[in-house]
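Visitor: Quick one: structure below, then a few questions.
The values are calculated or read from the model by the stated rules, or taken from the named source; none is laboratory data. None of these values were measured; they are calculated from a predicted model. Cβ sites come from the backbone with ideal geometry, for glycine too, and all protein chains shown count toward neighbours. SASA here: full protein model, heavy atoms, side chains in, ligands and nucleic acids out. Shrake-Rupley method; radii C 1.70, N 1.55, O 1.52, S 1.80 Å.
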Amino acid sequence: TRALPVVQPLAQSLRPVLARVGRVPKEKDDEPVGHDVIDELEALYLGETNVFVDEEEVNAASLHIEVAVDCSSSMNSENKTLKRGEKFELAKLFALAVEEATKNQRGISTRFWGFTDTVIYDCGTAGEYKITGLRAMGGNNDSAMLYHMGKSAQNSGKAVKMLFMLSDGQPSDCSWGSLRNLVVRMEADGMVPWHFALDQIDNSAFEKYFTDLCGQPLPEAIMTMCGILAAIANQK
């Protein structure tokens, strides 16, 4: 797409960072590493000293990323630093950066979405670039979208699950409380539900993982979002 040259430098810098996120089991072909006193109690009892284990956890990519773009009509409105339509453009550019950074990466899976108050648009996986075809209209139901992302992430089988929501305001078609409860539950399950706010939000339901991009021009906001993703990845 025409937007790819804008995000490719950032995406290329993210690729090696994301490739290190997670831990996966590695088969150990009868390699002695000491006694496994849980699984080999009987062997030890009979005097066996050369006890083997079948696998161990090693550093390797085991990462799933979900990205949801708010497609409500307000995403086309301007604010102090972003012109009309730039909030929506910023959200899609970040999604594209994630697509490029994760495309054909071993051990990394993705899912991209657009959403309003009535529809969830399936934009596929990294490399399909369906996010570019989204249009902004209607309201937004953040709870429904986050719940949908959580279910999708649970099925990924990955060790680390990041859920990114890009929106410009409070949900219009679900309660703040329902969204807050959902966020807390996902955090308790070990997921990382992160809200990138593209306009002023005084009381986000995403208390722990929240980034306010209001007041940043488009190029700076893109850098901030990708920098946050890299920082999260380095912690996992």
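Visitor: Identify the single condition in (1) part of a helix (DSSP H, G or I); (2) closer than 19 Å to Phe115 by Cα; (3) more than 19 Å from the chain's Cα centre (by Cα) that Pro219 does not satisfy, given that it satisfies every other one.
Guide: Result: Pro219 passes all but (2).
Visitor: Among the residues of segment 180-236 satisfying the criterion of being among the hydroxyl-bearing types (Ser, Thr, Tyr) and open to solvent by 30 Å² or more (accessible area, probe 1.4 Å), which is nearest to Arg84 (Cα to Cα)?
Guide: Selected residue: Thr224.
Visitor: How many residues does segment 79-102 hold that are over 20 Å from Met137 (Cα atoms), open to solvent by less than 40 Å² (accessible area, probe 1.4 Å) and out of contact with any Phe, Trp or Tyr (no Cβ under 9 Å at 6 or more places or on another chain)?
Guide: 4
Visitor: In segment 126-141, what residues are assigned to a helix (DSSP H, G or I) and surrounded by fewer than 21 Cβ atoms within 10 Å (Cβ to Cβ)?
Guide: Lys130, Thr132, Gly133
Visitor: Return the pairs, sorted by first residue and then second, in which the second residue is open to solvent by 20 Å² or more (accessible area, probe 1.4 Å) and of a type in the set (Ser, Thr, Tyr), the first residue lies in segment 212-236 and is at negative phi, the beta carbons are less than 6 Å apart, and the residues are 6+ apart or on different chains.
Guide: Filtered contacts from segment 212-236: Pro217/Thr81.
Visitor: Evaluate segment 170-177: report whether one residue or more is open to solvent by less than 10 Å² (accessible area, probe 1.4 Å) and not charged (D, E, K, R).
Guide: no
Visitor: Also: Could you please tell me which pairs satisfy a Cβ distance under 9 Å, a separation of 6+ or placement on different chains, a first residue in segment 105-131 that is in contact (Cβ under 8 Å) with a residue 60 or more places away in the chain, and a second residue that is among the polar types (S, T, N, Q) and not in a loop (DSSP other than H, G, I, E, B)?
Guide: Final answer for the pair search is Ile108/Thr102.
Visitor: Here is a list of conditions, (1) touching a helix residue (DSSP H, G or I) at 6+ places or on another chain (Cβ under 9 Å); (2) open to solvent by 10 Å² or more (accessible area, probe 1.4 Å); (3) within 27 Å of Ala61 (Cβ to Cβ), and Asp117 meets all of them except one; can you say which number that is?
Guide: (3)
Visitor: Take segment 150-208 and flag every residue that is free of Cβ contacts under 8 Å to residues at least 60 places away in the same chain, assigned to a loop (DSSP other than H, G, I, E, B) and of a type in the set (S, T, N, Q).
Guide: Asn155, Gln170, Ser175, Asn203, Ser204
Visitor: For Ala144, work out the one condition from (1) in a loop (DSSP other than H, G, I, E, B); (2) open to solvent by 40 Å² or more (accessible area, probe 1.4 Å); (3) at pLDDT below 95 it doesn't fulfil.
Guide: The one condition Ala144 does not meet is (1).
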